[in-house]
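Here's the structure, in structure tokens; my notes come after.
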Amino acid sequence: TIRGVDEIIITEGAPDWVSAVDHGFNAISPVTVSFREEDNEKLERLTRHVKNIYIINDNEENDAGYNGAIKTGKYLTQKGRNVYLVELPRPSGVGKIDLNEYLRDHTADDLRKIMNESKTVLEILISGLPDNFLKAQPIIKEEIAPLLVDLDEGIIQYYSNQIAKKLKISIKMVNLE
């Protein structure tokens, strides 16, 4: 269902996948929070020509969906994909919402709007950095820099600027090696 398309959704469960496809989206699902490690190579091949990947896992209090999305997102980002994490709005007092539930009460245009407002995995990681440069540096070296290694120079520069802005430092201080 995703061969030859520019954009896909990766979603957590089979009902979520069915709802996405029924609403006109190209989608795949690991049928759990993230793909198994032995499926990563296959996932890399399947997404090789996809321009944008939106991961829409369950939004739940225990963050299992978020953590799975980050794991998949990091892998695909490292492989040079534009990966966005979409956070479904969870109503007050509700412990969990998934894509299937969201699309029961919302349109494809509603989903497209929150997809367009979503952030890349790297933007999310950068926004979560501590404001202190010395505390942020190990996280940058261990979590962020490895994701940037094989990306285009312009993209590396973009994220370097984002890091500098977040930490209120000179771009010269951002060392991604």
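The values are calculated or read from the model by the stated rules, or taken from the named source; none is laboratory data. Being a predicted model, the structure only gives us computed values, none of them experimental. Quick reminder, even Gly has a Cβ in these numbers, built from the backbone with ideal geometry, and neighbours come from all protein chains shown. These area figures cover heavy atoms from the full protein model, side chains too; ligands, DNA and RNA do not enter into them. Shrake-Rupley method; radii C 1.70, N 1.55, O 1.52, S 1.80 Å.
Among (1) under 24 Å from residue 144 (Cα atoms); (2) assigned to a helix (DSSP H, G or I); (3) open to solvent by less than 50 Å² (accessible area, probe 1.4 Å), there is one condition residue 41 misses while meeting the rest; what is its number? With respect to (1) under 24 Å from residue 144 (Cα atoms); (2) assigned to a helix (DSSP H, G or I); (3) open to solvent by less than 50 Å² (accessible area, probe 1.4 Å), residue 41 is out only on (3).
Taking residue 60, is it over 23 Å from residue 142 (Cα atoms) and open to solvent by 40 Å² or more (accessible area, probe 1.4 Å)? Considered against the rule, which asks whether it is over 23 Å from residue 142 (Cα atoms) and open to solvent by 40 Å² or more (accessible area, probe 1.4 Å), residue 60 comes out as no.
Scanning region 64-84 for residues that are over 20 Å from residue 36 (Cβ atoms) and either more than 10 Å from the chain's Cα centre (by Cα) or open to solvent by less than 30 Å² (accessible area, probe 1.4 Å) (or both) returns a single hit, 80.
Taking the condition of being more than 12 Å from residue 23 (Cα to Cα), open to solvent by 30 Å² or more (accessible area, probe 1.4 Å) and either touching a strand residue (DSSP E or B) at 6+ places or on another chain (Cβ under 8 Å) or of a type outside the set (Lys, Arg) (or both), how many residues in region 106-117 meet it? Steps first, answer last, please.
As a first pass, look at region 106-117 and keep what is more than 12 Å from residue 23 (Cα to Cα): 113-117.
With open to solvent by 30 Å² or more (accessible area, probe 1.4 Å) added as a condition, the list becomes 113-114, 116-117.
Within this subset, residues satisfying the condition of being either touching a strand residue (DSSP E or B) at 6+ places or on another chain (Cβ under 8 Å) or of a type outside the set (Lys, Arg) (or both) are 114, 116-117.
Here the count works out to 3.
In the set (1) within 11 Å of residue 77 (Cα to Cα); (2) open to solvent by less than 60 Å² (accessible area, probe 1.4 Å); (3) modelled with pLDDT under 95; (4) not basic (Lys, Arg), residue 120 fails one condition alone, (3). Here is the figure for region 54-63: residues that are within 10 Å of the chain's Cα centre (by Cα) and not hydroxyl-bearing (Ser, Thr, Tyr) total 3.
Would you mind stating whether residue 97 is surrounded by 14 or more Cβ atoms within 10 Å (Cβ to Cβ) and under 20 Å from residue 29 (Cα atoms)? Give the derivation first.
Working: surrounded by 14 or more Cβ atoms within 10 Å (Cβ to Cβ): yes; under 20 Å from residue 29 (Cα atoms): yes.
Judged against the criteria, residue 97 is a match.
Cβ separations smaller than 6 Å between residues 6+ apart or across chains give the following pairs from region 87-114 residues that are at pLDDT below 95 to residues that are open to solvent by 60 Å² or more (accessible area, probe 1.4 Å) and not in a helix (DSSP H, G or I): 95/61. Restricting attention to region 117-138, the residues that are more than 12 Å from the chain's Cα centre (by Cα), more than 13 Å from residue 174 (Cβ to Cβ) and not in a loop (DSSP other than H, G, I, E, B) total 4.
Residue 141: farther than 20 Å from residue 74 by Cα, open to solvent by 60 Å² or more (accessible area, probe 1.4 Å) and part of a helix (DSSP H, G or I), yes or no? Against the criterion (farther than 20 Å from residue 74 by Cα, open to solvent by 60 Å² or more (accessible area, probe 1.4 Å) and part of a helix (DSSP H, G or I)), residue 141 does not qualify.
Across region 1-33, the qualifying residues are those that are in contact with a strand residue (DSSP E or B) (Cβ under 9 Å, 6 or more places away or on another chain) and in a loop (DSSP other than H, G, I, E, B), and the one among them that is modelled with the lowest pLDDT is 1. The numbered conditions (1) part of a loop (DSSP other than H, G, I, E, B); (2) open to solvent by 70 Å² or more (accessible area, probe 1.4 Å) are all true for residue 157 except (1).
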